[in-house]
1. Among the residues of the stretch A:117-147 satisfying the criterion of being open to solvent by 20 Å² or more (accessible area, probe 1.4 Å) and among the β-branched types (V, I, T), which is farthest from the other protein chains (Cβ to nearest Cβ)?
2. Test A:L180 against the stated conditions and say whether it is open to solvent by less than 60 Å² (accessible area, probe 1.4 Å), within 11 Å of another protein chain (Cβ to nearest Cβ) and not aromatic (F, W, Y).
3. Inside the stretch B:119-143, can you point out the residues that are in contact (Cβ under 8 Å) with a residue 60 or more places away in the chain, crowded, with 17+ Cβ neighbours inside 10 Å and assigned to a strand (DSSP E or B)?
4. What helices (runs of 4 or more DSSP H), lying completely within the stretch A:1-72, carry at least 2 residues that are of a type in the set (S, T, Y) and more than 10 Å from chain B (Cβ to nearest Cβ)?
5. Which one is farthest from B:G333 (Cα to Cα), of the residues in the stretch B:434-456 that are at pLDDT below 90 and out of contact with any strand residue (DSSP E or B) (no Cβ under 6 Å at 6 or more places or on another chain)?
6. Do we find that B:E459 is in a loop (DSSP other than H, G, I, E, B), modelled with pLDDT of 90 or more, within 14 Å of chain A (Cβ to nearest Cβ) and surrounded by fewer than 24 Cβ atoms within 10 Å (Cβ to Cβ) in this structure?
7. Just to check your reading of the model, which residue among B:T182, B:T164 is touching a residue at least 40 places away in the same chain (Cβ under 8 Å), of a type outside the set (G, A, S), closer than 28 Å to B:E515 by Cα and open to solvent by less than 40 Å² (accessible area, probe 1.4 Å)?
8. Name the one entry in C:R192, C:R184, C:R165, C:R177 that is surrounded by fewer than 16 Cβ atoms within 10 Å (Cβ to Cβ) and within 12 Å of chain A (Cβ to nearest Cβ).
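The values are calculated or read from the model by the stated rules, or taken from the named source; none is laboratory data. Keep in mind that what you see is a predicted model, and the values were worked out from it rather than measured. FYI the Cβ positions are ideal-geometry reconstructions off the backbone, even for glycines, and counts take in every protein chain you see. Side chains are part of the model used for accessible areas, which takes the heavy atoms of the whole protein and leaves out ligands, DNA and RNA. Shrake-Rupley method; radii C 1.70, N 1.55, O 1.52, S 1.80 Å.
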Amino acid sequence: MLGMLVLIARRLGQSALVLLVMSLLVFVGVFAIGDPLAILVSPDATPEEIARSARELGLQQPLWQQYLLFLQQALQGNLGRSFAHGEPAMALILERLPATLELAISATVIAIVLGIPLGLWAGLRPRSLSGQSIMAGSILGFSLPTFWVGLMLIMLFSVWLGWLPASGRGPVQSVLGLPLSLGSSEGWRHLLLPALNLALFKLALIIRLVRAGCIEALRQDYVRFARAKGLHPRRIIGVHVLKNLLLPLITVIGLEFGSVIAFSIVTETIFAWPGMGKLLIDSINVLDRPVIVAYLCIIVLLFTLINLLVDLLYVLLDPRLRPSTATPQRAGT
Amino acid sequence: MKTHRDLNQPWLKSGALLLPRFHCLSACLFSCLFCCLFACLHAFSLPVLAQDARDAREGRDDARSTLRIGMAADITSVDPHLSNISPNNQIGWHVFEALTHVDDNARLVPGLASSWRAVDPRTWEFKLRANVKFHDGTTLVAKDVLASIERARKLANGQFAGFTRTIIAAEAPDALTVRLRTAAPYATLPHDLNSIFIIPARLMNASSEDFNAGRAMIGSGPWRFERYARGDRVELSRFDGHRDAARDAARDAARPSSWNKLVFRVLSNDPARSAALLAGDVDIIEQVPPADLEKFNKNNNLTLSRKTSWRTIFLQLDHSRERSPHITDRKGGAIANPLRDVRVRSAISKAINRAAIAARVMEGAAVPAAALVSPQIFGHPPAKDLSPETFDADGARKLLAEAGYPEGFNLTLHAPNNRYVNDDQVAQAVAQMLTRIGIITKVEVMPANVYFTRARNGEFSVAMLGWGSFSADLALRSLLMTPSAEKGLGTWNWGGYANPRLDQLIERSLSTTEEAKREALAREAMLLAMRDHAAIALHHQISTWAMKSGLKLQPRTDEYTLAGSLSLQRP
Amino acid sequence: MSARELLRGFQRSHLAMAGLSLLALLLLLALAAGVIAPQNPYDLAQLDITDGRLPPGERLGSGALALLGTDDQGRDMLSAILYGLRISLLIGTGSTLLALAIGLTLGITAAWHGGWIDALIMRVADIQLSFPAILIALVLLAVFGQGSDKILLALVAVQWAYYARTVRATALVERGREYIEAARCLALPGWRILLWHLLPNCLPPLIVVATVQVASAIALEATLSFLGLGLPITEPSLGLLIANGFSYLLSGKYWISLFPGLALLLLIVSLNLVGDRLRDLLDPRLQ
């Protein structure tokens, strides 16, 4: 238990460091991209007006001073005001976060719910027509670029068949204080296409992973032994095969959740989904640095959390990786 | 388990064994894929079904009382004095009003001010309409105007301060009169005030958050603010206290010509916007992607509306430098800047087949340009004096040779790739045409943010730019006047073009308060600049809207989609 | 395992052979693009916008046959696809190999050493993964300008961390296995255990990930192009061709996007079939 706490504490410490480095990178990065003033100030502005705007935005100081000021304010929970929206950047992101999470979680759930059974099926019957079809389908899943599939989905289901709306998010209701659109059938209808679009790639990945793991597990001695012992196939799959699969699967799902959120930028753009990915693209286009930094802070925090979770699950699931071995004694000194 | 196959499977026994499995599988898969794809590709002949189904579901009455507009760019804030970008302004034009308005052709018409005049060369006087109601029930008076100007001037990071820059004193002699004094004679103040939305004086210190949350969204416009969901939509409801509402009601009491509710949806992705219209999610979209024009035109369920926009696309040239960074001789060696020679500039202009660009690249959504403002704009020279350059590749080659470049030279053309309609494709087409006459042209495109930063730093030799302006003299002041940072002149004159005669003409034009005289001066200035090929005009964009049939739009040259310009059409 | 054994292994599976021959064909086409393409799509002087958007089978103004139609610039699609294939392959495999090399080294190092080295590498990987690929690409584009080398760099930068994490995860498991213990008991030198025992056992999952990654690198490049951050527009890859045709899909001019899409599909399908088989053959536990 103490090892667990040490693990958590260390992870949090590390993520603080990550945040520091990351925010520095964004500062330098956005500085390298271009001058926000070139876009934000009206084209006919006089030098005094430009200087005034620069002062108001804190852009007249040297970069290192801007960064120090940012750090100082960030420690007080203030990530600055958006240049373009004139509102606190963090509030902007948090306002959009539920929409993105809703989309990303739905996509992940779709990928898992469809991916594990399909992968198992293909793994248990690797030579069968169905198994091969599943594999071929999964190849298609990551062969087609997300944006192309997105457009195909819109054309098929919205324009041609008229079953589902082409874009946007359904009516929003407050669920446990979070504005979610899952409460109504209209919300679900809006969510389905973008979530499916976002899920396809992960679905293909999970299918492949589960299949590969399954085939491998079936060859392991303990499974052969269990078979020889006459254990029921359902038990073999349920206990031995699945358990063997869990570790890589959790890593990948955990890792991929971050990229689901990042890739939702594309899906959100195509389906006009009002999430934070779309906000990020819009902010990049006007070099709205506070929003970009706030977005990345949120992403880093999310990621740290996910990684922590993955690590903890690792430890729970694989006794060989209890903290004492996962983090060798050397590290403490 | 892997090496010995399960030969008991029936499909293997039935002779399929002879066929490699991949073939069966891939045949199945690919035929499915192809079916899907081609079904999709032909889907557009059948959008009727989707639309009808949707209408039935939503109930036609509801569809009639709510108008849903698909917008092409994101609304960053509804604060009327914060960002001067068209999506924000479009919302502003529904909720607020300004002293002066502009009509479909961007010519000034009375707004909240019923009349205005120059009392003396340095003083403008505006008479306000009587009995104009704000949404909160208060009545518009002169001090609201003064407060609005003040807020626009002071708002942190506000982009409208420039429009109040010339005003050195403002006063209200009575409740319905506003007097504004400028330091020097300034003819375009009524134009400038078209950009300042009027709010009640009590909201002068309201923050952007107050506006975005709706607390401060009180204007005098025909629509009342309801809700702003960032990145998604703005919802408005009809304000019955507006003078237009009363007029509409009197005109036709039986049939409401106006909607009760207005929804602006942000659909910045082109295909998604088209799809939303076809799927019936919105009633009208702006900026129809050129690629979809042909198909939409043939669709009986849709009506198209088009209008020459005020946005002109042109090439800025490097005039000021001895050596230009992206120009070399054919072998890659440094040469003196050929763009300083008017014959080379003229050759470039002649080499460009504007008609082909308008017809092919822009799919007809553009007209060849002769000047840096559209033909309907104040100060565009009449057609007899100035018409678009005719395409003449041989003439261009001859001019190049005369200028001392029989071999031509190498050039890199820079353009944004997400700012103007088909910007990157236009750039490629221009490069093709220049390459034909011996100016071997490479194209480098980049996102607008990167592009404008670098352009402002003067990093390019030939750069694409688009501009929309109320008048020729205003456009020239920004684009071609000798740059002077202190006076805010030539702020977008990246090429550093400097022509004292032109400067003088523009200055005189901008300080002449008499309309006819001013227009003559503005025309002369534009003519001078174009004959010197100071910049190469390419085309004026044609803005296109697509809507459900049954809607009728009075299109505007300033590209705004206003509910007031839309009406229901009965067969 | 020798090359001959590998080939024999491939011959045992029709599916893999089909993939291998398809891949070989595509590679050949890509290499020979300059010779067999009817037009050089990169030479602007050869293009004419009046040839723009011709449907498949029409003739260009010059009289040449546009077998697969033309795009908006009057580029012959067949030529563009052949040249695009070359660029996409180069960028996809190049970036994956580079990223693989970097990721493998760092992942194994992290798992083997543990402690602060492990923490450092994994934290750097975290930073890497917390940046959306699009942002990295935009920064690189702004700093260095456009070009295939910059895209390559961006793709390596967004990929290596995946390999590092996957390798570390497997290596951690493998490290605890009996055969490593045995090797340690024999007092074999650390580098030998690493190279001869740990590394081969880390490969199978890596190959699965790498096959997916070549495909996704190509798709990611297409996505970056879609968002306007990709390759120079006058030298399109398959991804950029699809992105360019994207806006024409709805208008019925399917060939601008469909044919590059299919070429991409074939490329990735063949890559994956070959990758699958390789994994089966290389996995030491399957021998």
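1. For the stretch A:117-147, the residue satisfying everything is A:I134.
2. On the way: open to solvent by less than 60 Å² (accessible area, probe 1.4 Å): yes; within 11 Å of another protein chain (Cβ to nearest Cβ): no; not aromatic (F, W, Y): yes.
Judged against the criteria, A:L180 is not a match.
3. B:W124, B:F126
4. On the way: elements: A:2-33, A:36-40, A:47-57.
The helices (runs of 4 or more DSSP H) meeting that bar are A:2-33.
5. B:N449
6. On the way: in a loop (DSSP other than H, G, I, E, B): yes; modelled with pLDDT of 90 or more: yes; within 14 Å of chain A (Cβ to nearest Cβ): yes; surrounded by fewer than 24 Cβ atoms within 10 Å (Cβ to Cβ): yes.
The answer is yes for B:E459.
7. Being touching a residue at least 40 places away in the same chain (Cβ under 8 Å), of a type outside the set (G, A, S), closer than 28 Å to B:E515 by Cα and open to solvent by less than 40 Å² (accessible area, probe 1.4 Å) holds for just one of B:T182, B:T164, which is B:T182.
8. Values: C:R192 fails: within 12 Å of chain A (Cβ to nearest Cβ); C:R184 fails: within 12 Å of chain A (Cβ to nearest Cβ); C:R165 fails: surrounded by fewer than 16 Cβ atoms within 10 Å (Cβ to Cβ).
Just a single option satisfies the conditions, and that option is C:R177.
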